[in-house]
Amino acid sequence: MAHVMDGPRTPFPLHLCLVLCGLMVSVPFLLPYHYFPFPTFYTEWFAFVIGLAALGVMGLAPSRHAVPLPAMSPGLFALTFVLVVQVALGEVAYPLRSALGALYSIWAAFIVMLGAWLGSEMGENAVSHSLQWWLAIAGALVAASGFFQIYHTPLPAGMIFVSPPNTAMFGVIGQQNNFANYLGLTLLSVAFLYSREALGASPALLMSLLMSTGMALSGSRSSWAYMLINLAVVPLLYRAGSPEEAKRILRFVLFALMVFVLVQLMNLYTDVFTGPGGKASSSGQRLMLEKNLEISGTGRGQLFLYVLGAGFGEYAWRAFELAMDLPGFVPAGIDRHSHNLFLQLLAETGIVGLLCVAVPLASWFYRMGWRHLTPVRCWALGVLAIMGLHSMLEFPLWHADFLGVFALLFGLVSPAFAAIDLNRVRRGFFLIVLVSGGLTARGVWSDYREFEQWYLKLEAKGKRGDPFDGRDFETLLAFQEKGSFFAPYFERLLTEATELDERDLNDKLALNTQVMRLYPVPSVVHRQIVLLALAGRGGEAARTLRAAVRVYPEFTRYWLPKLDELARRQPARFAGLLASARAQLGGADAEFAPLPGKR
């Protein structure tokens, strides 16, 4: 693609904006701190703020062309409006959670515009080549961090994260599937750098060795699909009229695939990759294991099919609510997300919300110009395909770091739906929006730091064996009264201090019922059953118990002794619930009984 900027030099603001975009797609993924109360907070916050800074440069920089407006941007603005309507209609229990969704949607819409603007001002080649370098270097560092993690070798700054319940490699990213996803798209970036001879064979193969090994030891089954997408760009390059680049990428990807397979064989038959925590489960081993059908998320999501959906963030509560009354077998377990982008939009925002994204996406496919692809577009399409596939299996685009990468590249290769001339009034309005976003980010940072310090102090107190008292929660109440952005989660913690008696029963029940809609975890569900029974609402308690047995059978079985104790003290209210729980748990055991001759 021809460079669209006139003159021998690109203006400094454009270079600065491109550097900030490079930082946005790399630095958040290199942050090694992932711990409670929200393990992804710092990565998402930094991605959001760096994106705001890049948008600020776009708003101030002189433009020789009108800003292209891809169709996805107005679609995301429309999705924001849907979230506002849900709040206005009382569909959501926590408007602040919807405000977060609206904030991300607006931010993503502007990042899409940012990608389109950079492409129009600097050319797709210049932008893509720069981003490839940022991703390649960050990917190599992320892959290397995985070896420090599995061999328990401390980094200079240290890595602090919530350890998953397995020995998979996850590096500084802190989650194995996200780790594999990022390595998949950075591997493709290295392949394209090598294909145009911007990166020599030795460093390219070394980076490939690191990334392929990391993908293999992540245990993510999707790694196989990411490798296939890396291969799929080869015919696209032939179609784009770049046979030499296609041949070099084919050789590179075949080498990466060979390493990917060999590492899994070595991990299976040797202890080369066994660290102090044990042997990592490779992608191939997990792929060959029998996997239960995860129909609970997608099946229930389809049942939420109506105009405005169940409400943003209400997925888990609606799924639990359905489990109360659905006939037949209900798979155990519940999640706050259906692990599928389109089903999640359909479930929480209805047909209207789904169309806000699906229509612009269909327009993008139709107007892409598949007959006139360039190498950089093949690269961008490959990266988008990797992230898109991951979005069909999990929810990376619900996190600002992955959302920023996707939105930026999507805007870069999107045909313009319209164009906006940034006159003074529009620039002023745009900058006001960005300043508002910056002030919001500052407030969120302050709120989180206070919440985090409170949580870590309480955690340390628990580890010492010191009992909690009312003063521990007075601080939390003060945060809540101040109007903290994390107030909904404070209510969740406050319910843990609720005494299960009839004193202030209506207030306790109202609070716990509200928290059920935040996320019906086992402790909140079991507390709800007791409070409903104490309030004389036995029918509702029985329905909630039925859902608890179906969704959380093991937790409910563990809770039975407490229910038995309550039944001894107040048999009129709890004896029937105890008998019902035992009968239902017996039935659940029968459903999972092994076949004759099986163990």
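Every read-out reported here was derived from the displayed coordinates using simple, explicitly stated rules and does not represent laboratory data. Not measured: the values here are computed from a predicted model. Quick reminder, even Gly has a Cβ in these numbers, built from the backbone with ideal geometry, and neighbours come from all protein chains shown.
For an R0 of 56 angstrom, estimate the FRET efficiency from the Cβ-Cβ distance between residue 421 and residue 307 and round to the nearest 0.05.
On the way: r = 36 Å, r/R0 = 0.64.
About 0.95, to the nearest 0.05.
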Find which of 146, 227, 324 sits farthest along the positive direction of the dipole of the chain, computed with +1 on the beta-carbon of Lys and Arg, -1 on that of Asp and Glu, about the Cα centre. 227
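Ranked highest first by average number of other Cβ atoms within 10 Å, how do 324-330, 86-92, 122-128 line up? It would help to have the intermediate numbers written out before the result.
Values: 324-330: 11.9, 86-92: 16.4, 122-128: 21.7.
Ranked from most to least packed, the peptides come out as 122-128, 86-92, 324-330.
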Karplus couplings for the stretch 536-542 from phi (6.51 cos²θ - 1.76 cosθ + 1.60, θ = phi - 60°), rounded to Hz, Gly and Pro as x? x, 9, x, x, 5, 4, 5
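If you keep only loop residues by DSSP, which GluC sites (Glu not before Pro) in the stretch 529-589 have at most 11 other Cβ atoms within 10 Å of their Cβ? Show your work: numbers first, answer last.
On the way: sites: 540, 554, 565; in loops: none.
Here no loop site has a sparse enough neighbourhood.
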Run the dipole for the chain about the Cα centre, Lys and Arg Cβ at +1, Asp and Glu Cβ at -1, nothing else charged, and hand back the magnitude in debye, nearest 20. 800 debye
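Which of the trypsin sites (Lys or Arg not before Pro) across the stretch 467-501 are loop residues per DSSP, with 12 or fewer other Cβ within 10 Å?
On the way: sites: 471, 482, 492; in loops: 482.
Loop-located and lightly packed - 482.
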Amide H of residue 34: which non-local residues (sequence gap of 5 or more, or other chain) have their own amide H closer than 5 Å, using H built in the peptide plane? 160, 161, 162
Placing +1 on each Lys and Arg Cβ and -1 on each Asp and Glu Cβ in the chain, then taking the dipole about the Cα centre, the residue among 494, 238, 382 whose Cα reaches farthest towards the positive end is 238
For residue 420, enumerate residues with amide H under 5 Å from its amide H, sequence gap 5+ or separate chain, H modeled in the peptide plane. 67, 69
If you place +1 on the Cβ of every Lys and Arg, -1 on the Cβ of every Asp and Glu, and leave all else neutral, what size is the dipole of the stretch 460-528 about its Cα centre, to the nearest 20 Debye? 340 debye
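Compute the Cα gyration tensor for the stretch 91-244, then decide on rounded, prolate or oblate, letting a ≥ b ≥ c be the square roots of its eigenvalues: rounded whenever a/c is under 1.5, prolate when a/b is larger than b/c in the other cases, and oblate in all that remain. Intermediate results must be reported in sequence, preceding the final value.
Values: a/c = 1.86, a/b = 1.07, b/c = 1.74.
Oblate, because a/c is 1.5 or more while a/b does not exceed b/c.
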Out of 580, 306, 34, whose Cα points farthest toward the positive end of the dipole of the chain (charges: +1 Lys, Arg; -1 Asp, Glu; placed on Cβ)? 306
Whole-Hz ³J(HN,Hα) for each residue in the stretch 222-227, computed from phi via Karplus 6.51 cos²θ - 1.76 cosθ + 1.60 with θ = phi - 60°, x for glycine and proline: what do you get? 5, 4, 4, 5, 5, 5
So which chymotrypsin sites (Phe, Trp or Tyr not before Pro) in the stretch 464-504 end up in coil per DSSP with only 13 or fewer other C-beta atoms within 10 Å? 468
Tabulate in residue order the Karplus-calculated ³J(HN,Hα) for the stretch 121-132, using 6.51 cos²θ - 1.76 cosθ + 1.60 with θ = phi - 60°, rounded to whole Hz; enter x for Gly and Pro. 8, 10, x, 4, 4, 4, 5, 5, 4, 5, 5, 4
